[in-house]
Amino acid sequence: MAFRLFFLYYLLSSISVYASGRPEVDRFTLLHDRHTIDRYIRSDTENYIFYLDAAISSGVKTIIGDIKDSAQTEQNPAQRQIKTLQVLTRNLNTEKYLDIDLRVGVPLPIFKIKQFEFKLSPFYNINLGTSFSFNNQNTNSTAQAQTYVRKEIKMGVKSKIKKRKDETIIINFYQLTRADINSSLDQSEIVTQGELVEFSSIDQNNISYATDLGYERDFSHYLYRFEVNELKLMETSASMRKTTYTELPMFHFHYRFKNKEFGLFTLDPLYGVHFRDGHTLAQGLYVGVLAHLTTLPFTLYTKMSNQFLTFNPLFRTSYFQLNYGLKVPYRNPQNDLWTASIHSLNIAVPLP
């Protein structure tokens, strides 16, 4: 176990950060998938009645507010240009990320058919996210804002099927609605638009039916899980257009050692990898540990990818969960862009 974890740690600290280039949609895809994996590891998001999670880079609120204020409060067009340029210059060669996720579910009574146990839960999930960066790498003079904004809604049924206590098959079926905008704005366009990120303008939906498939074995001293998420089955006739976001699914493998006693803590070392079109397999590698305090309902989740160190203290009882997360970049700049820390907050009500 120690050798495998050390090897992954060495690999993560050695591999390059980016494959090549900087499409903003690809950067959002990678950051969003990493955050999705964090949600699963620290607390399985399939087991909640209510789940609210928000992640935001340091400085996002200030940047969006400054650009909006310069457009609304300054009447002189020349002064608006100057103030907008000042905002872009202050944040030149930086990237920012925002991800808000809301889920509600209704657990149905467990029932059995022969030796199989079925646990079903209708659910509704909405996700709003954006990734944007400021640079002048292409123009050599004028600052550009590379912006990607996405809205996603899932509505359907989650199911867990157990044949044995340690074996679970996961099948989720849902309607998947997505809409997004991928744009490059210069100083004048930002002044004219008056906003950097505008979720209300995303109204051209792509609607399809999709499924999540997973297989998990959970033993007393270890567990492993294979899953394929957001596998599109068919597109509906109501779809207005294709999205920039990839239509290919995310693949994820997770392995966890369990119940390693260490003083007042029980440790669960873990490692895994996720992959989707838009980022490389190496970028999806991670290694981490869950440290459960034996005397209180407190867990500390830490993880290392090839860009970030993640720290998540988690307080969880049978009726309530509260979690604060911090992703700290240990490589800066990344592909000539300065990456800020990402803060997250999660409030949830577990299933009874």
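Looking at the stretch 13-34, can you tell me whether even one residue there is assigned to a helix (DSSP H, G or I), among the polar types (S, T, N, Q), touching a strand residue (DSSP E or B) at 6+ places or on another chain (Cβ under 9 Å) and modelled with pLDDT under 90? Yes, the stretch 13-34 has at least one match.
Using the structure shown, decide if T266 is part of a loop (DSSP other than H, G, I, E, B), surrounded by 14 or more Cβ atoms within 10 Å (Cβ to Cβ) and over 15 Å from the mean Cα position of the chain (by Cα). Reasoning before the result, please.
Values: part of a loop (DSSP other than H, G, I, E, B): no; surrounded by 14 or more Cβ atoms within 10 Å (Cβ to Cβ): yes; over 15 Å from the mean Cα position of the chain (by Cα): yes.
It is false that T266 is part of a loop (DSSP other than H, G, I, E, B), surrounded by 14 or more Cβ atoms within 10 Å (Cβ to Cβ) and over 15 Å from the mean Cα position of the chain (by Cα).
Among the numbered conditions (1) more than 21 Å from the chain's Cα centre (by Cα); (2) hydroxyl-bearing (S, T, Y); (3) modelled with pLDDT of 95 or more, the only one that T139 does not meet is (3). Of the set (1) modelled with pLDDT under 90; (2) charged (D, E, K, R); (3) surrounded by 14 or more Cβ atoms within 10 Å (Cβ to Cβ); (4) not in a loop (DSSP other than H, G, I, E, B), all apply to K61 but (3).
Every residue, every condition in (1) surrounded by 15 or more Cβ atoms within 10 Å (Cβ to Cβ); (2) within 20 Å of the chain's Cα centre (by Cα); (3) over 13 Å from T177 (Cα atoms), yes or no:
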position	(1), (2), (3)
L223	yes, no, yes
A238	no, no, no
F253	no, yes, yes
F262	no, no, yes
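Does the stretch 269-307 hold any residues that are among the aliphatic types (A, V, I, L, M) and either within 24 Å of L213 (Cα to Cα) or part of a loop (DSSP other than H, G, I, E, B) (or both), and which are they? Walk me through it before giving the result.
Filtering the stretch 269-307 down to residues among the aliphatic types (A, V, I, L, M) leaves 270, 273, 281-282, 285, 287, 289-291, 293, 296, 300, 304.
The answer is L270, V273, L281, A282, L285, V287, L296.
Scoring V273 on the criteria (1) within 17 Å of the chain's Cα centre (by Cα); (2) touching a residue at least 60 places away in the same chain (Cβ under 8 Å) leaves a single failure, condition (2). Taking the stretch 84-93 as the range and being buried (at least 19 other Cβ atoms within 10 Å of the Cβ) and either among the polar types (S, T, N, Q) or closer than 14 Å to T192 by Cβ (or both) as the test, the residues that pass are T84, N91. Among the candidates S133, S159, the residue that is part of a strand (DSSP E or B), of a type in the set (S, T, N, Q) and surrounded by fewer than 18 Cβ atoms within 10 Å (Cβ to Cβ) is uniquely S159.
Residues being within 20 Å of L223 (Cβ to Cβ), in contact with a Leu (Cβ under 7 Å, 6 or more places away or on another chain) and in contact (Cβ under 8 Å) with a residue 40 or more places away in the chain: count how many of those fall in the stretch 276-289.
Restricting attention to the stretch 276-289, the residues satisfying the condition of being within 20 Å of L223 (Cβ to Cβ) are 284-289.
Filter once more, keeping what is in contact with a Leu (Cβ under 7 Å, 6 or more places away or on another chain): 285, 287-289.
If we keep only those that are in contact (Cβ under 8 Å) with a residue 40 or more places away in the chain as well, we get 285, 287-288.
Total satisfying the criteria: 3.
A Cβ distance below 7 Å, combined with a sequence gap of six or more or placement on separate chains, defines the contacts here; from the stretch 229-241, residues that are within 18 Å of N172 (Cβ to Cβ) reach residues that are part of a loop (DSSP other than H, G, I, E, B) and among the charged types (D, E, K, R) in the pairs K232/E247.
The values are calculated or read from the model by the stated rules, or taken from the named source; none is laboratory data. Since the model is a prediction, treat every value here as computed from it, not as a measurement. Positions of Cβ are backbone-derived with ideal geometry, glycine not excepted, and every protein chain shown enters the neighbour counts.
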